[in-house]
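To start, the structure under review is shown below, and the notes come after it.
The values are calculated or read from the model by the stated rules, or taken from the named source; none is laboratory data. Just so you know, these numbers come straight off a predicted model, no measurement behind them. So basically every Cβ, Gly included, is an ideal-geometry build from the backbone, and we count neighbours across all protein chains shown.
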Amino acid sequence: MKIRLIIFFTLASFAITSGQNFPKDYFSAPLDIPMYLSGNFGELRSNHYHSGIDIKTQGREGHKVYATASGVVSRIKVSPYGYGHAIYIDHPNGYTTVYGHLQRFSAKIDKIVKHYQYSQESFAIDEMLASDILKVKKGEVIGFSGNSGSSGGPHLHFEIRETESEYPTNPLLYGFDIHDDVAPVIRGLYIYPLDETAVVDGSNDKKLYRLTKIGNTYSLQNAKVPLVSGKIGFALDTRDYMNGTRNYYGIYQLDMYVDEQLEHSFTFDKFSFSESRYLNAHIDYALYKTHKRRIHKLFHEDNHKESFTEVFNKGIYFKDKQQHSVRIDIADVSGNKIDLKFNVQAAVQKETPNLGGPLLSYYMPNRLEIENFYVKIPALTFYKDIPKKEIQAIPSERKDSYSKQYHFLDETVPLHKNITVGIRPNDIPHHLHDKAFIARKNGSKYRFAGHNWDGKYLTAKTNAVGDFVVLVDTIAPQISLWRGSSFKKTGKLRYKITDNLSGIASFKGKIDGKWVLFEYDPKLNIIWHILSPEVITKVQKHKLELEVKDSCGNIGFREAYFTW
């Protein structure tokens, strides 16, 4: 009866991920070079599932990017982060294509972008366009490939979304010419005891099992039959490959059967951005934080919602002294398949009392506090109930701190929502109140978390746990000439901007007292202005003024005179 209820529930969500006819041959390729991928749809990324495909651009920028079908440009966005320079095109068939990390836009699109940037006096813009402003035809050049935003190297990020729902869909379902006859691989099986009484081969800790392969079928090394008892979960370290590249990719489809009963199934056809952060429940987050390894858990936590998972379990009970078969089928989007087959031996484990301490409920809001420190946790922030740990107040590692260092949970605990941290600092001179902020320790560095005052407490919202302390930043950002060729050769005014502590918050440049567009790449800590006779007069002396502000309001200035 329990399995029936699970299947009935999941069939309701199956409708949005299955049975959809994706139009083949409607969209052409966005580049005129062979399509090799550095990333595919649904890949397990940092705090999210990858919502498109990353197309290789032969290690360089500047390839022409084409509209894959006729339509209207519905959105243009420029940001130093995320997709960088990005274009969104709505098509009459109900889909929207997205082109990210562009180096620059085509001339007609760039004219509109510049209009918004100069009217708002901002490099970063995000504009929704009316349907009659900017139309494009299939095969029209709309921009050039680049490395803008949070890109880790030159490539084109390409998406196909449903226009109405804005769900990203798998671009590899639309018939693009990508050769792939390489099957996925499985690198290891994990078996988890999911409560205090569950046991895997005599242990209450998860176990890793090595595999052997014959043809496209994997099995446990030495025909191992794990001995399990109680509530058990399975997980796989698996990835996919394609022809012509050394990259590895996410898998497309997985089905797990126990005694031939389907117990877990997902397919990466599409998903909602609102559920993307549930990736941190889909993977073993602690394993990722400690070993940088992302694996697929084949069971759900209590607070875990994913529409692309058509059937799921929250653990499978083994208590009958019988041997049970497990089969896991995996496929990529091209139909290449592998499977893993093994047995587990169920045992009756003597029930032991729950010796665990108090828990923090995932379902209820929580507030914890000690002297001079508190943390507020909204409901549904955790993915499951977690052990309640005492907040630790320890001497700060930094001599310039204005509080103790407060430790709240280990960084192996993921958060689905922001929590609010409050610290009542030691006496801070009044003139430094605006320069004080809460920093979260990240490795050996301290990162700005927030600096809002609530009475005598400094507060910050953060999506990570760990160590928190109050610091003060009174040092303005530094502005220096960028190394390299003269602006007379490059046509660019280039400067390096850095900040010692709280981080760059904003910047602006003026020439002869008028705002001019400076672009920003935080990966290189560089801002630049492209000189143009439409902005300044040639063969004339000009005054340049730069202003860079950090997150605590410290402002760095630089003035220079130049003749172009």
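The figures follow:
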{"item": "Residue count for the stretch 190-210, restricted to those that are of a type in the set (Gly, Ala, Ser) and closer than 11 Å to PRO226 by Cβ", "result": "2"}
{"item": "Residues within the stretch 28-57 that are assigned to a loop (DSSP other than H, G, I, E, B) and either of a type in the set (Gly, Ala, Ser) or assigned by TED's automatic domain parsing to the domain that holds ASN280 (or both), tallied", "result": "6"}
{"item": "Any hit, the stretch 420-436, residues being in a loop (DSSP other than H, G, I, E, B) and in contact with a helix residue (DSSP H, G or I) (Cβ under 9 Å, 6 or more places away or on another chain)", "result": "yes"}
{"item": "The one condition in (1) in the same structural domain as GLY233 (by TED's automatic domain parsing); (2) more than 24 Å from the chain's Cα centre (by Cα); (3) not polar (S, T, N, Q) that GLU390 fails to fulfil", "result": "(1)"}
{"item": "Residue match in the stretch 320-329 (condition: at pLDDT 95 or above, aliphatic (A, V, I, L, M) and either assigned to a loop (DSSP other than H, G, I, E, B) or under 28 Å from LEU172 (Cα atoms) (or both))", "result": "yes"}
{"item": "Pick from the stretch 459-513, criterion at pLDDT below 95 and of a type in the set (Gly, Ala, Ser), ranking: surrounded by the fewest Cβ atoms within 10 Å (Cβ to Cβ)", "result": "SER486"}
{"item": "Pair list, Cβ under 9 Å, 6 or more apart: the stretch 520-544 residue closer than 20 Å to PHE557 by Cβ, other residue among the acidic types (Asp, Glu) and not in a loop (DSSP other than H, G, I, E, B)", "result": "ILE526/GLU519; ILE527/GLU519; ILE527/ASP521; TRP528/GLU519; TRP528/ASP521; HIS529/GLU519; LYS543/GLU559; LEU544/GLU559"}
{"item": "Flag if LYS350 is over 22 Å from THR169 (Cα atoms) and at pLDDT below 95", "result": "yes"}
{"item": "Any chance LYS461 is within 25 Å of LYS289 (Cβ to Cβ) and not in a loop (DSSP other than H, G, I, E, B)", "result": "yes"}
{"item": "One residue from PHE557, PHE468 being in a strand (DSSP E or B) and within 30 Å of TYR285 (Cβ to Cβ)", "result": "PHE468"}
{"item": "Pairs, first without any contact (Cβ under 8 Å) to a residue 40 or more places away in the chain in the stretch 289-312, second outside any loop (DSSP other than H, G, I, E, B), C-beta under 7 Å, six or more apart", "result": "LYS305/GLU275; LYS305/TYR278"}
{"item": "Contacts under 6 angstrom Cβ, first residue in the stretch 499-510 being on the phi < 0 side of the Ramachandran plot, partner among the basic types (Lys, Arg) and surrounded by 17 or more Cβ atoms within 10 Å (Cβ to Cβ), 6 or more apart", "result": "ALA505/LYS549; SER506/LYS549"}
{"item": "Flag for ASP90 being without any contact (Cβ under 8 Å) to a residue 60 or more places away in the chain and over 29 Å from ASN280 (Cα atoms)", "result": "no"}
